[in-house]
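Below is one structure; the comments refer to it alone.
The values are calculated or read from the model by the stated rules, or taken from the named source; none is laboratory data. Because the structure is a prediction, the values reported are computed rather than measured. Heads up, the Cβs are rebuilt from the backbone with ideal geometry, glycines too, and the neighbour counts pull from every protein chain shown. SASA here: full protein model, heavy atoms, side chains in, ligands and nucleic acids out. Shrake-Rupley method; radii C 1.70, N 1.55, O 1.52, S 1.80 Å.
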Amino acid sequence: MQLEEIARDVYVCLQPDRGLGTSNSGLVNRGGGLVVDTFWDLPHTRALIDTYARVARAPVRRVVNTHHNGDHCWGNQLFPGAEIIGHRLCAASFGKERPEFMQALRNGEASEDPTVRTFARLLADWDFTGIELTPPTTLFDDRLELDLEGVRVQLLYVGPAHTASDVIVHLPAERVVFTGDVLFRLCTPIGWDGTFARWIAALDEIVALAPAVVVPGHGPISGVEGPREMQAYLRYVHGEARRFFDAGRSTREAARRIDLGPYAGWTEPERIVFQLERAYREFRGEPFDAPIDVTRVFRDMMEFRAERRGTAV
């Protein structure tokens, strides 16, 4: 894990991009300390705590979860006594993802299902045992402001974009924004609840804050070029999805036919299948939170991944 000071008493902990789950975290080392997002399992979160102990004087008093996906909050239990803060919809969505299910996938190397075997390989670095879901208990709706010994911290709701519960963390004086998964940097995004228009607008809100440093949920830090790049990606995929939808093509066909151009070098380009599913949901006039058949979509994604690499699933 890479620890970097991005402003006075403000740090980012970056995990190397190894695919699923390798998210980022932040630390404001003032006012008792505030951590932005924990990690997907307990071993990685313990390593995160050890990394922050190099600069933090004591266990932090506050944790913010930018949204409810496990790779940003399943380590919460390792901050006993800390105030855990999140959007009301973040707390409401805890439990939709289950650690025991992920551990079963992680242990599925011997499965007869080739998709499960592939997932087992992708999850080999993770250990989901012992996780006790620990949701936020300090909840807010639109915004919440904190004062950490003179460091002003704004928690701003910008969802539904990546999920219904998306929150960004803005430090105005330091010109820093922690975006959670509203921004994936140089890696292909996955989206759950929301619309393309709302996600693009959320990225506009980040740009409008004029940050000098933008910390994405996944990938390397950037300036405002990061959210602008991702906006361009979303607009391009939305336009291509419209073209294939109108032509009666399935999302599987569309994924295989779309020329990714400058985005082909982003990691895990097969995740475009998720974006196509979201787009088609919109084009059919369905609600932004209409359930997606996740099992089928992941299966399509793994098959597409194998085709691109010329390997068996």
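Filter the range 110-131 down to residues that are over 20 Å from the mean Cα position of the chain (by Cα) and of a type in the set (D, E, K, R) and give me whichever is least open to solvent (accessible area, probe 1.4 Å).
In this case the residue turns out to be ASP113.
Go through the range 158-184 and count every residue that is among the charged types (D, E, K, R) and open to solvent by 30 Å² or more (accessible area, probe 1.4 Å).
Here the count works out to 2.
Filter the range 1-16 for residues that are crowded, with 16+ Cβ neighbours inside 10 Å and either at pLDDT 95 or above or of a type in the set (D, E, K, R) (or both) and give the result.
Scanning the range 1-16 gives ILE6, ALA7, ASP9, VAL10, TYR11, VAL12, CYS13, LEU14.
In the range 207-225, which residues are more than 17 Å from HIS72 (Cβ to Cβ), aliphatic (A, V, I, L, M) and not in a strand (DSSP E or B)?
Listed by number, the residues that qualify are VAL207, ALA208, LEU209, ALA210, ALA212, VAL224.
Which of the numbered conditions does PHE39 fail, given that it passes all the others? Conditions: (1) in a loop (DSSP other than H, G, I, E, B); (2) under 26 Å from ASP141 (Cα atoms); (3) open to solvent by 10 Å² or more (accessible area, probe 1.4 Å); (4) modelled with pLDDT of 95 or more.
That leaves (3) as the condition not met.
Report the residue count in the range 245-295 for those that are of a type in the set (Gly, Ala, Ser) and under 24 Å from LEU186 (Cα atoms). First the steps, then the outcome.
Kept after step one, since they are of a type in the set (Gly, Ala, Ser), are these residues of the range 245-295: 247-248, 250, 254-255, 261, 264-265, 279, 285, 290.
Of the ones still in play, those that are also under 24 Å from LEU186 (Cα atoms) are 254-255, 261, 264-265, 279.
Matching residues across the range 245-295 total 6.
Go through the range 52-81 and count every residue that is surrounded by fewer than 19 Cβ atoms within 10 Å (Cβ to Cβ) and within 20 Å of VAL10 (Cβ to Cβ).
8
Give me a count of the residues in the range 48-76 that are of a type in the set (S, T, N, Q) and either over 21 Å from HIS162 (Cα atoms) or modelled with pLDDT under 95 (or both).
Total meeting the criteria: 1.
Could you list, in sequence order, all residues of the range 132-157 that are open to solvent by less than 60 Å² (accessible area, probe 1.4 Å), more than 30 Å from ILE200 (Cβ to Cβ) and either free of Cβ contacts under 8 Å to residues at least 24 places away in the same chain or not in a strand (DSSP E or B) (or both)?
Of everything in the range 132-157, those that are open to solvent by less than 60 Å² (accessible area, probe 1.4 Å), more than 30 Å from ILE200 (Cβ to Cβ) and either free of Cβ contacts under 8 Å to residues at least 24 places away in the same chain or not in a strand (DSSP E or B) (or both) turn out to be LEU133, THR134.
Among the residues of the range 289-302, which ones are touching an Asp or Glu at 6+ places or on another chain (Cβ under 6 Å), open to solvent by 10 Å² or more (accessible area, probe 1.4 Å) and either within 16 Å of ARG256 (Cα to Cα) or not aliphatic (A, V, I, L, M) (or both)? Steps first, answer last, please.
The first filter runs over the range 289-302 and keeps only residues touching an Asp or Glu at 6+ places or on another chain (Cβ under 6 Å), leaving 289, 292, 297, 301.
Checking which are open to solvent by 10 Å² or more (accessible area, probe 1.4 Å) leaves us with 289, 292.
If the condition is that a residue be touching an Asp or Glu at 6+ places or on another chain (Cβ under 6 Å), open to solvent by 10 Å² or more (accessible area, probe 1.4 Å) and either within 16 Å of ARG256 (Cα to Cα) or not aliphatic (A, V, I, L, M) (or both), then ASP289 is the only one that fits.
So, in the range 83-109, of the ones that are assigned to a helix (DSSP H, G or I) and open to solvent by 40 Å² or more (accessible area, probe 1.4 Å), which residue ends up modelled with the lowest pLDDT?
Taking the range 83-109 and keeping what is assigned to a helix (DSSP H, G or I), we get 88-93, 99-106, 108-109.
Then drop every residue that is not open to solvent by 40 Å² or more (accessible area, probe 1.4 Å), which leaves 88-89, 92, 100-101, 104, 106, 109.
Values: ARG88: 97, LEU89: 97, ALA92: 96, GLU100: 95, PHE101: 91, ALA104: 90, ARG106: 91, GLU109: 73.
It comes out as GLU109.
Pull up the range 257-288, narrow it to residues that are surrounded by fewer than 16 Cβ atoms within 10 Å (Cβ to Cβ) and among the small types (Gly, Ala, Ser), then point me to the one that is nearest to ASP17 (Cα to Cα).
Per the criteria, the residue is GLY265.
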